[in-house]
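Take a look at the structure below.
The values are calculated or read from the model by the stated rules, or taken from the named source; none is laboratory data. Since the model is a prediction, treat every value here as computed from it, not as a measurement. So basically every Cβ, Gly included, is an ideal-geometry build from the backbone, and we count neighbours across all protein chains shown. In case anyone asks, the SASA skips ligands and DNA or RNA and just uses the protein heavy atoms, side chains included. Shrake-Rupley method; radii C 1.70, N 1.55, O 1.52, S 1.80 Å.
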Amino acid sequence: MTDFAIRYGEHVTRARRDGRPVVALESTIISHGLPHPDNIRVAREIEQAVRDNGAVPATIGMIDGEVIVGLEDAQVERLASAEAVAKLSVRDLAIAAARRSDGATTVAATSAIAAAAGIGVFATGGLGGVHREANVTYDESADLTALARTPIVVVCAGVKSILDVGATLERLETLGVSVAGYRTSRFPGFFITDGGFDLDWQLDSPEQVADFIKARADQGVAEAALVLANPLPADEQLEPALHDRTLATGLNLLAEQNITGKAVTPFLLGHFHSSTEGRSLAVNIRIILRNAALAAQIAVAATDGSTAPVGFAVPA
Amino acid sequence: MTDFAIRYGEHVTRARRDGRPVVALESTIISHGLPHPDNIRVAREIEQAVRDNGAVPATIGMIDGEVIVGLEDAQVERLASAEAVAKLSVRDLAIAAARRSDGATTVAATSAIAAAAGIGVFATGGLGGVHREANVTYDESADLTALARTPIVVVCAGVKSILDVGATLERLETLGVSVAGYRTSRFPGFFITDGGFDLDWQLDSPEQVADFIKARADQGVAEAALVLANPLPADEQLEPALHDRTLATGLNLLAEQNITGKAVTPFLLGHFHSSTEGRSLAVNIRIILRNAALAAQIAVAATDGSTAPVGFAVPA
Amino acid sequence: MTDFAIRYGEHVTRARRDGRPVVALESTIISHGLPHPDNIRVAREIEQAVRDNGAVPATIGMIDGEVIVGLEDAQVERLASAEAVAKLSVRDLAIAAARRSDGATTVAATSAIAAAAGIGVFATGGLGGVHREANVTYDESADLTALARTPIVVVCAGVKSILDVGATLERLETLGVSVAGYRTSRFPGFFITDGGFDLDWQLDSPEQVADFIKARADQGVAEAALVLANPLPADEQLEPALHDRTLATGLNLLAEQNITGKAVTPFLLGHFHSSTEGRSLAVNIRIILRNAALAAQIAVAATDGSTAPVGFAVPA
Ligand SMILES: [Mn+2]
Ligand SMILES: [Mn+2]
Ligand SMILES: [Mn+2]
């Protein structure tokens, strides 16, 4: 009978053996978040940003039904180039395996796989969240509930502004997911630096985030994620007026064309990219590269001085 | 001091010892889902359907405060014949034990007990879910949250159409519960073959479902249930027009008579049974017998070729 | 590198060593629930009520980033006297540790820490819950979700009537949190004896609650809390007419002054205290003292006759 255990790319196996810091990366941004062929180039730049900051990148996805931690370059190209790649949340992983599918992993699935593999830090762009009008549609991303049971640090630029950001912050509180701003007390709005909400907590250095990771483990009380909100500097954000205008027209189009569910995020990102003549795409790429760099710095800080490497709680 | 550990019926103890495939069955369908004395006969037919397909039935319930996995025939009769039997969800099990109650276990409690006993497959009729107007009443079945933390396969015919089916599917997604159609890409509507919603995944054989079970365990990432939606063939369903008419009058009666909470499901099932002159009852019985047969085939497939029997992860 | 493990007060370390019954107590009631300097006196009276009933009190809080189980008197005074003390839910504990903060623990955090320390019983005043208009604001206390994954008995007088009590009871059901009345089948309304809702279950003695604790552990099926609702006797409650009038004016003030989130509970408690000329404060204190006494009796009953002390599942 087939063995469906997690597989590790060669570079990740080496990192595990040597106790080096590792950063998890998702594949949905490659297959669904960015247009082809930019996505292949950017996927490589993200991995390089992790390496440039002293850690080993582990891009996560599914090939032929196997969960891979540390996709090889050819595997990334395969997910980036295929016509239709399944978007896999946690609940889809075992079904997709039974069907021997290829698939790209969401924030939820990437976090859960990374934590199962003992990786403590994950860089992405933005989280899923509570959709506008979710009190009628009940459309709330599984990212939130997955993070509630997954001990990892997710470095992101907040949640996409196409969502109900206030409701998402409340759900994170209800579900017990830790939230802190990185060198800010304001929750960023993905494309824009300030998303309009205050945060209770701020963390100011990779070392302080590493202390969070150690405290969560030492206390043994919580096993939820930390959402570390890392805003773009104001001079790198999408112009707020352009952002607000684009969001408003995008939401109108959603309603007019009756687009719902999993189709919403790719549609709105596409709308942002076309309406802003590529500026939102450039911002999106800056976000993920900056988050990858910070995640690597945190993984390095968390590994320094601890006898057990933070990259892997249980070395292979 | 009393020992409240799970007790096993003799036939289940034997099956555990011999590593034979086991299928869990609930008792709420006996005590609350079907009218007396049909319920006793049907309970026996369900167990026989499991045996006819090569597995051992383990009907679950509580007698005198003891959780029993594999009720004996006399115990089934006791739950089927009593005037008022407590309906036990997961949260009621330890209180009912402290009170030495009898009780029938819901989908949530049966799943959780079965998983605790190492049983991987459970056959039932339909799941609980999000009630209509739950955004005001907050009435959402504990079945959904229990399945989110219970590694089992629940073979069912969807959720009862008296619920908000769309909202229920969204909650299952948010909570990370796997959902697949058995040889269909449409979510069934319990009494009717097609409930009006598309599914992302389809599984096509007992062996493929067994692969799901193995993949979930091998991956070690998720511990939620798989809701395997097994529709009635179109020629065995309740006539859709009769179904829709009966549902509409039932919902009106609920509102008129101000029936809420745990009283809703038995009331509406009773209304269906009387309004359709017993045809819905016959359909209900066909559903559970078909699900029991499929669950047994899955348990057999999951046991074949694995060194550890799937019936029990840890043989007694 | 700093060790962030839970620290134990000397009296709790002794109790652990000797296998004596222990009751957890929260510190938010000290820092945020009661006005200074009454709060210091009451904190001591609560601990004394536990001792008078045969158990050892373990007041829980954070000092300089360390989670303390069993605050010393001087540490209680420090939390009771500071201008602004952070209110820590489960998700805040590791961030506050990384920042070396002081903090008072909520019902959620106190329960989770107590359970991690092996303490089985916790006395408080009232739970957090679903806020009125939460279907718009999504404001639902993390107490509910934390209790869903924390095996403890929380002795309380229900949820504060400033919340949506019906919705809170539904959420507790959905989340699988056990609920029972202590010698009552009506859910109390904190300041008032009868909050207007029926309960499914009643437990009638400390021994019966101890049986619940043992049954939950023996069954091995559920790991949620029991909310044990302990109403004030009718002649000790706040006069119901005064209660209803005060609540109505308080809710109006909230809306007028646009008070939301974490500010709601302290504001409304302050309003009750001032509008009732201190009578609500006296009632509040009676509630917590009675709950502390009952919790101690339960901890004693749970320790008697068991080889492993209930105070600590795993003796230190
Ligand atoms: Mn969704
Ligand atoms: Mn309900
Ligand atoms: Mn809140």
Check: C-alpha center segment B:48-117 vs C-alpha center segment B:153-201, spacing in Å is 25
Of every hundred units of 1.4 Å-probe accessible area on the protein assembly as shown, the number belonging to carbon and sulfur atoms, as a percent, is 50
With +1 on the Cβ of every Lys and Arg and -1 on the Cβ of every Asp and Glu, the dipole magnitude of segment C:15-99 about its Cα centre, in debye rounded to the nearest 20, is 240
Computed about the Cα centre, the charge dipole of the protein assembly as shown from +1 Lys/Arg and -1 Asp/Glu charges at the Cβ has a magnitude in debye, to the nearest 20, of 1180
In Å, the C-alpha Rg and Dmax of segment B:121-277 are 16.0, 51
Under the rule rounded for a/c under 1.5, else prolate if a/b exceeds b/c, else oblate, using alpha carbon gyration tensor axes a ≥ b ≥ c, the protein assembly as shown is classed as rounded
In terms of the charge dipole of the protein assembly as shown, which places +1 on Lys and Arg and -1 on Asp and Glu at the beta carbon, the residue among B:L281, B:L71, A:I287 farthest towards the positive end is B:L71
Taking Cα atoms only, Rg over Rh for segment C:8-112 with Rh from the Kirkwood formula is 0.96
Scoring segment B:22-95 by relative contact order with C-alpha pairs under 8 Å, at least six apart, yields a percentage of 36
Chain B: relative contact order from alpha carbon pairs under 8 Å, six or more residues apart, as a whole percent, is 22
Here the net charge surrounding B:F122, from other residues whose Cβ is less than 12 Å away from its Cβ (Lys, Arg +1; Asp, Glu -1), is -2
Per its Cα gyration tensor (rounded if a/c is under 1.5, else prolate when a/b beats b/c, else oblate), segment B:56-208 is best filed as prolate
Rounded to the nearest 5, the percent of DSSP beta bridges in chain A running antiparallel is 30
About its Cα centre, segment C:164-262 carries a charge dipole, from +1 on Lys and Arg Cβ atoms and -1 on Asp and Glu Cβ atoms, whose size in debye to the nearest 20 is 260
Here the FRET efficiency for B:S185 versus B:D235, based on Cβ atoms and R0 = 22 Å and rounded to 0.05, is 0.65
Filtered hits (lysines, Cα-Cα < 29 Å from C:K262, offset >= 8 within chain) -> A:K160, A:K214, C:K87, C:K160
With -39,500 (n - 2.57) per DSSP H segment of 4 or more residues and division by the full residue count of the protein assembly as shown, the 222 nm estimate, nearest 500 deg cm²/dmol, is -13500 deg cm²/dmol
Most fluctuating of C:R286, C:R245, C:R183 in the GNM of chain C (C-alpha, under 10 Å) is C:R245
Distance in nm between A:R7 and C:A263 label points, each 7 Å along Cα→Cβ, equals 5.6
Once C:S280, A:S89, B:S185 are ranked on solvent-accessible area with the largest value leading and a 1.4 Å probe, the list reads B:S185, A:S89, C:S280
Extension length gain for A:T137 and A:A74 (0.36 nm per residue less Cα distance), in nm, is 18.8 nm
On protein heavy atoms with a 1.4 Å probe, the accessible surface that disappears when A meets C, both sides summed and given to 100 Å², is 2900
Within the protein assembly as shown, the percent of DSSP beta bridges that are antiparallel, given to the nearest 5, stands at 30
Low-density loop GluC sites (Glu not before Pro), segment C:15-124, at most 14 other Cβ within 10 Å, DSSP non-H/G/I/E/B, are C:E72, C:E83
Quick note, segment B:254-308: a/c under 1.5 would make it rounded; otherwise a/b > b/c is prolate and the rest oblate (a ≥ b ≥ c, C-alpha gyration tensor); here it is oblate
Rounded to the nearest Å, the spacing of the alpha-carbon centers of segment C:219-278 and segment C:1-46 is 24
Amide H neighbours of C:R132 at under 5 Å, excluding residues fewer than 5 places away on the same chain, with H built from the backbone geometry, are C:D164
SASA check, C:K160, accessible area w/ 1.4 Å probe, all protein chains in place, rounded to nearest 10 Å², comes out at 40
Taking the dipole of the protein assembly as shown about the Cα centre (Lys, Arg +1; Asp, Glu -1; charges at Cβ), the one of C:L144, A:T174, B:P21 that reaches farthest to the positive side is B:P21
Counting only protein heavy atoms and rolling a 1.4 Å probe, one gets per residue an accessible area for the protein assembly as shown in Å² of 35
